[in-house]
Amino acid sequence: MNPLDTAQVGTTTLNVTRLGLGGAPLGGLFTDVEIQTALSTVARGHELGIRYFDTAPLYGHGKSETYFGQALQAFPRDQLVLSSKVGRVLNPVEKQPDTDTYAALPPFEAVFDFSRDGVLRSLEESFARLGLDHIDIAFIHDPDDHHDQAINEAFPALADLRSQGVISAIGAGMNQWEALSEFAREGDFDCFLLAGRYTLLDHSGLADLLPLCEEKQISIMLGGPYNSGILASDLQPGTTYFYQEAPTEVLDKARQIKAVCDRHNVPLKAAALQFGLAHPAVAATIPGARSPLEVEDNIEMASHPIPVDLWAELRHEGFLPEHAPVPTG
């Protein structure tokens, strides 16, 4: 598989590399990333051929967007696709906030706001951090408890901006598939960012969401292909799964999948990255990285040869659904 091949986003004119670069780690997900390391990470991704970059105001409360903006300004804007998100605004606070997820946060509080004014404010502030006057894809971010406002206020605001050319595509990004299926039926979306729900460990997006998106020509970007760490780890106790310590049964399943990969001399990370890309609804997978070496490793894993017998054994052992598409070589 060539991770630098491109795929069309929905019915738009955008084309993304099959492997993108997710920006959550550069915002200090779990541990801080120094600015020069962050800038070098983005630059290395571009140098190696990645042309799809994803970030969000939530990631480090603005840090990720700032780093992406500084790093990408050196490269031709029309040769890359950049996505960010709306649905949270950053309000200044006197004291630096503490969270269990992000480290070394600047003094801003992330507050949900899916109103039209909130969307416009969010994008205006993102543009300032990115140093741009437009982005390619705007995702409605984590509207789990705000469905009605997201579809009735945020979506129309983004549709207006799409018609004006301020954005080129509208999406929604979530850690669940159910609400995305509702959005697919309710709005004229171009793409969705599905985080962690179509991986080697979690196939829950396969039955309803992915065939629906294929039918409606809505592209899927797969976030969290390593399930927030476990599929890229040494599978020792304490590794993370959906941003928390992995349950014993999940860790055991991951070890069994790795044993199959080991029998075929394939790194678990390679199988994790390449599995999702086989589905025709999936345009890209966007693992995060916090160093140039991690970017290099992601590209190596996404292009690592995988024999078809590995996928057959995973199916035979019950680790993959019978109807899940798999890479063919």
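Every number here is computed from the coordinates shown, using simple stated rules; none is lab data. Small disclaimer: the values here were computed from a predicted structure and weren't measured. Positions of Cβ are backbone-derived with ideal geometry, glycine not excepted, and every protein chain shown enters the neighbour counts.
Computed from backbone phi with θ = phi - 60° and the Karplus coefficients 6.51, -1.76 and 1.60, the 3J(HN,Hα) list for the stretch 79-96 is 9, 9, 10, 10, 10, 9, 9, 10, x, 10, 10, 9, 9, x, 10, 6, 10, 4 Hz; x is used for glycine and proline. Helix 35-47 against the longest principal axis of the chain: what's the angle in degrees, Cα atoms only, rounded to the nearest 10? Computed tilt is about 60 degrees. Using only side-chain charges placed at the Cβ, +1 for Lys and Arg and -1 for Asp and Glu, the dipole size of the stretch 1-160 relative to its Cα centre rounds to 540 debye. Taking θ as phi - 60° and the Karplus parameters 6.51, -1.76 and 1.60, the scalar couplings of the stretch 52-67 work out to 10, 10, 10, 9, 5, x, 4, 5, x, 6, x, 5, 4, 4, 4, 5 Hz in sequence order, x denoting glycine and proline. Return the distance in nm (one decimal) between the two label points of a simple spin-label model at Val93 and Gln236, each offset 7 Å from Cα along Cα→Cβ. My value for the distance between the label points is 3.3 nm. Roughly what angle does helix 292-303 make with the longest principal axis of the chain, taking Cα atoms, 0 to 90 degrees, to the nearest 10? Rounded to the nearest ten degrees, it is 50. Counting only Cα atoms, the stretch 6-316 measures 54, 43, 37 Å along its principal axes, largest extent leading. Relative to the longest principal axis of the Cα atoms of the chain, helix 248-263 runs at roughly 60 degrees. For the stretch 65-124, the list of trypsin sites (Lys or Arg not before Pro) that fall in a loop by DSSP and count at most 15 other C-beta atoms within 10 angstrom reads Lys95. In terms of its C-alpha gyration tensor, the stretch 1-156 comes out oblate, because a/c is 1.5 or above while a/b does not outweigh b/c. Packing here is the average count of other Cβ atoms within 10 Å per residue, and on that basis the peptides 318-324, 129-135, highest first, run 129-135, 318-324. Between Glu322 and Gln176, the FRET efficiency estimated from the beta carbon spacing at R0 = 35 angstrom works out to 0.90.
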